[in-house]
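Enquirer: The structure is given below, and queries will be raised subsequently.
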């Protein structure tokens with residue numbers, strides 16, 4: 001992956017930077033300049049916010065045949081998470097066994113390694129989800 | 001001006017491996033190694049964890065406990081470690097971005113074997129005490145490695161803790177710090193080498209014990225204190241035995257070091273060891289109690305601290321982030337094959353980016 005492309009998205013990958021359309025209230029992640037529903041009515045009304053990082057599992061799957069850079073993690077879980085702000089995010093679920101994952105379970109975002117450009121390349125970091133204790 | 005700890009946060013990876021399992025693979029007596037080192041298990045980072053993710057988790061736990069602190073008021077951040085993911089490119093810049101305190105600040109990575117985290121605390125004390133910054137963040141974290149089959153493999157583990165150093169709303173005043181430093185090559189890792197080397201028994205008397213006792217005596221002398229004046233003490237803990245022995249040599253009791261002695265459960269977290277032990281003490285300490293701290297780093301040096309818990313600890317929201325005991329108990333034991341895979345000890349075909 002191009003370093004610059006990933007770097008541009010660091011604020012969203014590290015701190016879940018999103019935007020809210022103050023015309024309709026919808027939250028978008030990653031951020032976009034114009035609301036996909038309100039279009040021109042949203043111009044000048046898109047407000048940045050950091051998602052709080054918590055949500056619930058909307059759906060999930062267990063990956064047994066992984067891309068080469070995720071081979072070491074398999075089997076691993078990928079979850080769709082409906083964040084408390086209403087927007088949907090997709091990432092890996094860590095610190096959990098597949099048999100323990102339930103739709104609706106509460107999860108929280110945490111920072112992990114996402115990949116690297118080989119042993120001498122840049123390391124990429126971003127959010128993954130883990131269960132919220134209790 | 002009083003300078004001290006405004007907040008703190010800890011993190012320990014959840015995977016564990018036992019000395020018995022390591023010994024089983026290498027044909028060694030793991031049970032005997034467990035007893036001689038006083039290590040029942042050691043923490044192992046997941047493949048997607050490193051010093052940067054551990055430092056970030058600890059720093060975020062630290063910030064969760066003080067929501068009233070604006071991250072933009074943090075003027076300095078230092079990450080002390082001997083296992084930074086990059087040889088050139090700071091770990092601290094990523095941590096700073098992740099807790100929202102960049103860009104108007106200074107960041108650097110420290111390395112001094114196992115005491116880089118306490119060196120970071122001393123630096124932040126200077127910056128806060130001289131009013132150069134309002135808050136400084138000092139982190140000690142490691143994902144240390146021992147060569148397969150080396151005695152270090154039984155102890156080298158992962159974890160870290162983060163401290164917010166400031167002068168306002170302090171939960172623990174750092175009354176004094178003194179260090180003792182010499183050129184003593186007891187443990188090292190050359191540039192480009194995967195695993196460290198060490199001087200075997202040379203790491204004991206002329207290295208760990210000489211430096212820890214010397215720094216401890218400096219602190220006791222300069223603060224006109226005696227071991228009995230402290231409710232808690234934490235010493236660097238490369239294994240479970242060394243801190244017990246050095247405590248006894250200095251006149252501290254087993255009870256005083258009990259809370260901060262984590263190595264028997266999680267192994268030697270290197271730069272994270274004393275910061276995690278201190279965090280475990282801050283999890284339970286009460287106003288007026290005093291804490292004696294000595295970190296040790298091979299190479300060699302020791303940093304000593306005299307700390308007093310303030311009344312602010314009663315208003316401090318410890319429960320806003322997991323206690324050290326949570327991380328100790330939240331564990332999953334793995335076998336050596338999984339451990340070898342997680343720690344990159346198995347050579348696999350290089351992926352194409």
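Enquirer: Can you give the mean number of other chain Cβ atoms that lie within 10 Å of the Cβ atoms in peptide B:44-52?
Expert: Values: counts 0, 1, 7, 7, 13, 5, 4, 0, 5.
The per-residue average across the peptide is 5.
Enquirer: Let me ask you something else. Among A:28, B:163, what is the fewest-to-most ranking by other Cβ atoms within 10 Å?
Expert: Result, fewest neighbours first: A:28, B:163.
Enquirer: Only bridges with both residues in the protein assembly as shown count here: give the DSSP antiparallel percent, nearest 5. Let's see the in-between values first.
Expert: Details: 73 of 93 bridges.
The antiparallel proportion sits near 80 percent.
Enquirer: With 20 Å bins from zero, work out the P(r) of chain B over every alpha carbon pair and list the percent per bin.
Expert: Spelled out bin by bin, chain B gives 34, 59, 7, 0 percent.
Enquirer: Once a ≥ b ≥ c are taken as the square roots of the eigenvalues of the Cα gyration tensor of segment A:11-50, is the result rounded (a/c under 1.5), prolate (a/b larger than b/c) or oblate (a/b not larger than b/c)?
Expert: It is prolate, given that a/c is not under 1.5 and a/b is the larger ratio.
Enquirer: Another question, then. Segment B:226-248 to segment B:88-143: how many Å between their Cα centroids?
Expert: Cα centroid of segment B:226-248 versus Cα centroid of segment B:88-143: 26 Å apart.
Enquirer: Expressed as a whole number of Å, what is the distance separating the alpha-carbon centroids of segment A:57-111 and segment B:6-36?
Expert: Each part reduced to its Cα centre gives a spacing of 28 Å.
Enquirer: For A:64, B:176, what's the fewest-to-most ordering of other Cβ within 10 Å of each Cβ?
Expert: Numbers: A:64 8, B:176 15.
Listing A:64, B:176 from fewest to most nearby Cβ atoms yields A:64, B:176.
Enquirer: Only bridges whose two residues both fall in chain B count here: according to DSSP, what percent of them are antiparallel, nearest 5?
Expert: Just about 70 percent of them are antiparallel.
Enquirer: Something else about it: Is there a simple number for the mean count of other chain Cβ atoms within 10 Å of the Cβ of residues in A:6-15, and what is it?
Expert: Working: counts 0, 0, 0, 0, 3, 2, 0, 2, 7, 4.
Mean partner shielding for this stretch: 2.
Enquirer: What whole-number volume per residue, in cubic angstrom, does the convex hull of the C-alpha atoms of the protein assembly as shown give? Walk me through the numbers before you get to the answer.
Expert: On the way: hull volume 73.6 nm³, N = 487.
With only Cα atoms used, the protein assembly as shown gives 151 Å³ per residue.
Enquirer: Taking all pairs of distinct Cα atoms, average 1/r, flip it, and tell me the Kirkwood hydrodynamic radius of chain A in Å to one decimal place.
Expert: On the way: mean 1/r = 0.0622 Å⁻¹.
Its Kirkwood hydrodynamic radius stands at 16.1 Å.
Enquirer: Find the relative contact order for segment A:5-48 and round it to a whole percent, using C-alpha pairs within less than 8 Å whose residues are 6+ positions apart. Before the final figure, lay out the partial values.
Expert: Values: 60 pairs, mean separation 15.4, N = 44.
The value is 35 percent.
Enquirer: Right, next: Taking only the alpha-carbon atoms of segment A:61-134, what semi-axes of the equivalent ellipsoid follow from 5 times the gyration tensor eigenvalues under a square root, in whole Å, largest first?
Expert: 23, 15, 10
Enquirer: Using only Cα atoms, what is the ratio of the radius of gyration of segment B:219-353 to 2.2 N^0.38 Å?
Expert: 1.28
Enquirer: Further question on the same structure: Suppose only helical runs count, i.e. DSSP H with n ≥ 4. What mean residue ellipticity at 222 nm does that imply for chain B under -39500 (n - 2.57) per run, divided by all residues and rounded to the nearest 500 deg cm²/dmol?
Expert: Theoretical 222 nm ellipticity from helices: -8500 deg cm²/dmol.
Enquirer: Would you please give the FRET efficiency between residue B:169 and residue A:3, computed as 1/(1 + (r/R0)^6) with r the Cβ-Cβ distance and R0 = 60 Å, to the nearest 0.05?
Expert: Here the calculated transfer efficiency is 0.90.
Enquirer: Follow-up question, since we're still on this one. Over the whole of B:80-89, what's the average partner chain Cβ count within 10 Å per residue? Rounded to a whole number, please.
Expert: Per residue, the number of nearby Cβ atoms from other chains is 1 on average.
Enquirer: What relative contact order, as a whole-number percentage, does chain B give when Cα pairs under 8 Å and 6 or more residues apart are counted? All intermediate terms of the calculation are to be shown ahead of the outcome.
Expert: Values: 893 pairs, mean separation 88.0, N = 353.
About 25 percent, as a whole number.
Enquirer: Mind computing the radius of gyration and Dmax over the alpha-carbon atoms of segment B:1-43? Å is fine for both.
Expert: 17.2, 57
Enquirer: For the ranges B:73-82, B:36-45, A:117-126, A:54-63, what's the packing order if you count other beta-carbon atoms within 10 Å of each residue, average per peptide, and put the highest first?
Expert: Per-residue mean Cβ counts within 10 Å order the peptides as B:73-82, B:36-45, A:54-63, A:117-126.
Quick note: the coordinates plus some simple rules give every number you see, no bench work behind them. As the structure is a computational prediction, the values presented were derived from the model and not from experiment. Using ideal geometry, Cβ is built from the backbone for each residue, glycine included, and neighbour counts are taken over all protein chains shown.
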